[in-house]
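First the structure, in the form of structure tokens, and then the observations on it.
Just so it is clear, none of the values below were taken in a lab; they were calculated from the coordinates. Keep in mind that what you see is a predicted model, and the values were worked out from it rather than measured. With ideal geometry, Cβ positions are generated from the backbone for all residues, glycine too; neighbour counts draw on all protein chains shown.
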Amino acid sequence: MTDAKTKIDETVKANDIVLYMKGTKEMPQCGFSSRVAGVMNYMGLDYTDVNVLADEEIRQGIKEYSDWPTIPQLYIKGEFVGGCDIITEMTLSGELDQLLDDNGLAYNKEAADKIREANA
Amino acid sequence: MSKSAEIHKRLSDALAPTTIDVRNDSSRHSGHSGDDGSGESHFHVMLRSPAFEGKTRIARHRMVHQAMGAELVTSIHALSLDLDV
């Protein structure tokens, strides 16, 4: 593995929830990253954000690490979960809640329900 | 061939869709980050195919990435996918 991929591997294994994104969770710099971070912030998730715009090697490395061409990318307990479309679909279907429950990760269930009500 | 037509052709050839709609959303993102001025930066694809039967969401997206080819996928800024059987 390259240095960048080793670093990514360590990060996603050392932290329960990691979002590789453009910008930060406080200040996203791309609509797709913004949508995912917005949902995660609203659901009260405790997660680590990695700004790929701050490190070109990570920006390329993350695409190779997951064999996935786009950013954002969400990892839970070291497993790649998906990008913006998949996270959005899983939030609306309740699959994301289930995944968090299965991994014993805390989130605001009421907030998740509100997102679903607003998009029903 | 426009990128929309290219995407449409490659996905039609590889995935035998029952429904396919490739939409160029680039004009909605004009002037945003990622707008390269080509008018071919942002695309949305809605595709229904029996090939997705029994596949996870990630697997379905990977099938589309593969069918499009790395060069086409990386040449556009944003690709939004709505995939189902």
| To the nearest Å, what is the center-to-center distance of the range A:18-79 and the range B:28-85, using C-alpha atoms only? | 18 Å
| task | Could you work out the relative contact order of the range A:2-118, using alpha carbon pairs under 8 angstrom and six or more residues apart, expressed as a whole percent? | result | 30 percent
| field | 10 Å-binned pair-distance histogram of the protein assembly as shown (Cα, whole percent) | value | 8, 33, 37, 20, 2
| task | Output the relative contact order of chain B, whole-number percent, from Cα pairs under 8 angstrom with separation of 6+ residues. | result | 33 percent
| note | Once the dipole of the protein assembly as shown is set up from charges on Cβ (+1 Lys and Arg, -1 Asp and Glu), the residue from the list A:V52, B:A78, A:A37 lying farthest towards its positive end is B:A78
| said: Using helices alone, I'd like the mean residue ellipticity at 222 nm for chain A: each DSSP H run of four-plus residues gives -39500 (n - 2.57), total over residue count, nearest 500. | reply: -15500 deg cm²/dmol
| request: Provide the packing ranking of B:41-53, A:30-42, B:2-14, i.e. peptides ordered by the mean count of other C-beta atoms within 10 Å per residue, highest first. | output: A:30-42, B:41-53, B:2-14
| 3J(HN,Hα) from dihedral phi, the range A:65-70, Karplus parametrisation 6.51/-1.76/1.60, rounded to Hz, x for glycine, proline | 4, 9, 6, 9, x, 10
| Degrees between helix B:57-68 axis and first principal axis of chain B (Cα, 0 to 90, nearest 10) | 70 degrees
| message | Can you give the Rg/Rh ratio of the range A:2-118, where Rg is from the C-alpha atoms and Rh is the Kirkwood radius? | response | 0.95
| query | Residue-wise, which Karplus ³J(HN,Hα) couplings in Hz belong to the range A:5-10, taking 6.51 cos²θ - 1.76 cosθ + 1.60, θ = phi - 60°, and x for glycine or proline? | reply | 5, 4, 5, 4, 4, 5
